[in-house]
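*Asks:* Got a structure for you, written out below as structure tokens; questions coming shortly.
Please treat every number below as a calculation from the coordinates, not as lab data. For clarity, every value in this text was computed on a predicted model and none was experimentally measured. Cβ sites come from the backbone with ideal geometry, for glycine too, and all protein chains shown count toward neighbours.
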Amino acid sequence: MLRLKTKPQSVAYFLELGMLPEELFLKLLSLERKRTERSGRRFVLMLLDPGKLLKEEKSQAMDNLLAAISQTIRDTDLKGWYKSGSTIGVIFTEIGEAESKAIVRSLSSKLTDALYESLSIGDINEIKLSFHVFPEDWDDEGTEGPVMSTLQMALARKKASLQVKRMIDMAGSMAVLILCLPLLALIALVVKLTSRGPVLFRQPRLGQYGRKFTFLKFRSMYVNSESKIHEEYVKQFITGAAGTEQSNGTEQKLYKLTADPRITPVGRILRSTSLDELPQLFNVLAGEMSLVGPRPPLSYEYDRYDLWHKQRLLAVKPGITGLWQVDGRSRVKFDEMVRLDIRYARTWSLWLDIKILMRTPRAVVTGSGAC
């Protein structure tokens with residue numbers, strides 16, 4: 001008799017049948033994701049919900065189901081609990097270069113044939129089956145997506161701390177806005193009087209999980225400026241092409257766009273002091289950004305990301321300041337910047353946020369690499 005949630009021998013029973021426990025299966029799933037992000041080689045995750053077959057008194061139907069799955073998979077594939085006691089997962093690795101639809105069709109056909117040989121029609125109707133191809137299916141998945149990264153899994157266990165982080169974001173941004181209200185009014189007046197156009201610059205950016213939001217800054221460029229200059233720079237910066245390095249009069253190299261003709265004289269001052277960033281406090285209040293986190297990319301920047309680069313957007317919300325701003329800023333190459341963002345997400349704590357916030361004023365005052 002099989003009662004999965006009450007019988008202590010049920011865990012051993014499924015281990016004997018080659019079913020990995022949930023924690024191990026999810027770790028291996030996350031590892032496979034990391035391999036794919038580096039190599040570009042795809043894999044398929046199959047999720048199967050047996051329905052009431054798990055709760056039936058007789059285990060024969062469940063035995064037959066697991067036997068059918070075993071007939072379908074190879075020795076290199078992984079079978080285990082995606083959600084213990086409710087959802088079975090299978091990771092199909094090294095799936096080749098065929099189209100995703102053809103791969104899923106082939107896998108589904110093999111499993112369906114095996115199920116019809118082993119189960120009754122009534123049992124088959126209880127089963128819910130889905131296939132997910134990584135990375136095609138999951139560019140914009142959130143924490144409820146079928147494959148969470150290692151960073152997302154780690155942060156999911158810090159829900160209480162993340163709620164405190166949100167409270168700090170709201171209190172901190174509100175306090176700074178109130179204290180800086182005269183300065184905000186003065187900057188708005190100067191921007192308005194010195195060049196034609198709106199005071200605020202609104203730009204679509206990508207936040208956590210690739211969600212679009214309107215990014216706010218004080219306008220530092222002339223209106224109707226072309227974006228091609230920046231697009232070309234971003235392309236070279238991400239690929240590490242020669243020509244993105246600039247000398248600042250020392251041996252130190254800066255990776256930033258200098259002598260940009262689109263920027264107004266007042267805009268250069270605002271950018272060098274980072275005062276143009278102050279309106280992003282409204283983005284923080286709206287929950288679109290945090291005080292601390294990776295910088296939100298533009299769509300054309302994101303389109304040039306390698307798979308592993310995208311981790312910087314999945315784990316945490318974008319921020320006004322971050323580890324890159326205080327440790328590297330424009331002195332590091334793009335890949336190094338991404339590694340700093342990933343390191344921040346991997347080691348995140350409230351104390352780390354506080355230390356970054358405390359170091360930010362110095363980075364702003366020194367203007368090292370500001371742009």
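*Asks:* How would segment 283-335 be classified by its alpha-carbon gyration tensor: rounded, prolate or oblate, with rounded meaning a/c under 1.5 and the a/b versus b/c comparison settling the rest? Mind dumping the intermediate values first?
*Replies:* On the way: a/c = 1.96, a/b = 1.18, b/c = 1.65.
Oblate.
*Asks:* If you plug each phi of segment 90-98 into the Karplus form 6.51 cos²θ - 1.76 cosθ + 1.60 with θ = phi - 60°, what whole-Hz ³J(HN,Hα) values come out, in order, with x for Gly and Pro?
*Replies:* 10, 9, 9, 9, 6, 8, x, 9, 5
*Asks:* To continue, here is another question. So how much slack lies between Arg359 and Glu226, counting 0.36 nm per residue of separation and subtracting their Cα-Cα distance, in nm? Present the calculation step by step, with values, prior to reporting the outcome.
*Replies:* On the way: separation 133, 0.36 × 133 = 47.88 nm, distance 3.43 nm.
Between Arg359 and Glu226, full extension yields an extra 44.5 nm.
*Asks:* Also, I was wondering about something else. Take segment 154-366, drop everything but the C-alpha atoms, weight them equally and run the Debye formula without solvent; then report log10 I(q)/I(0) at 0.15 Å⁻¹ to two decimals.
*Replies:* Log10 of I(q)/I(0), two decimals: -1.06.
*Asks:* With a point put 7 Å past each Cα toward its Cβ, work out how far Ile121 is from Val176 in nm, to one decimal.
*Replies:* 6.5 nm
*Asks:* How much length would be gained if the chain were fully extended between Ser299 and Thr239, taking 0.36 nm per residue of separation minus their Cα-Cα distance, in nm to one decimal?
*Replies:* Gain in length upon complete extension: 20.0 nm.
*Asks:* Using r as the Cβ-Cβ distance of Val199 and Lys110, and R0 as 56 Å, what FRET efficiency do you calculate, to the nearest 0.05? All intermediate terms of the calculation are to be shown ahead of the outcome.
*Replies:* Numbers: r = 62 Å, r/R0 = 1.10.
With R0 = 56 Å, the Cβ-Cβ based efficiency is 0.35.
*Asks:* A further question follows. Could you tell me whether segment 159-223 comes out rounded, prolate or oblate from its Cα gyration tensor? Rule is a ≥ b ≥ c as square roots of the eigenvalues, rounded for a/c under 1.5, then prolate if a/b exceeds b/c, otherwise oblate.
*Replies:* Numbers: a/c = 5.84, a/b = 1.51, b/c = 3.86.
Oblate, because a/c is 1.5 or more while a/b does not exceed b/c.
*Asks:* Another one. Go through 319-327, 42-50, 77-85 and give me the packing order, highest mean Cβ count within 10 Å leading. Provide the component values of the computation, followed by the final result.
*Replies:* On the way: 319-327: 23.9, 42-50: 19.9, 77-85: 18.3.
Descending packing order for the listed peptides: 319-327, 42-50, 77-85.
*Asks:* In sequence order, what are the phi-derived ³J(HN,Hα) couplings for segment 332-345 according to the Karplus relation 6.51 cos²θ - 1.76 cosθ + 1.60 with θ = phi - 60°, rounded to whole Hz, with x for glycine and proline?
*Replies:* 10, 6, 4, 4, 5, 4, 4, 4, 5, 5, 5, 4, 4, 5
*Asks:* Under the rule of at least 5 residues apart or a separate chain, name every residue whose amide H is placed under 5 Å from the amide H of Thr87.
*Replies:* Close amide H contacts, sequence-distant or interchain: Tyr82.
*Asks:* Answer rounded, prolate or oblate for segment 255-313, using the Cα gyration tensor with square roots of eigenvalues a ≥ b ≥ c: rounded when a/c is under 1.5, else prolate when a/b is larger than b/c, else oblate.
*Replies:* Values: a/c = 2.61, a/b = 1.24, b/c = 2.10.
Oblate shape, in that a/c is at least 1.5 and b/c is the bigger or equal ratio.
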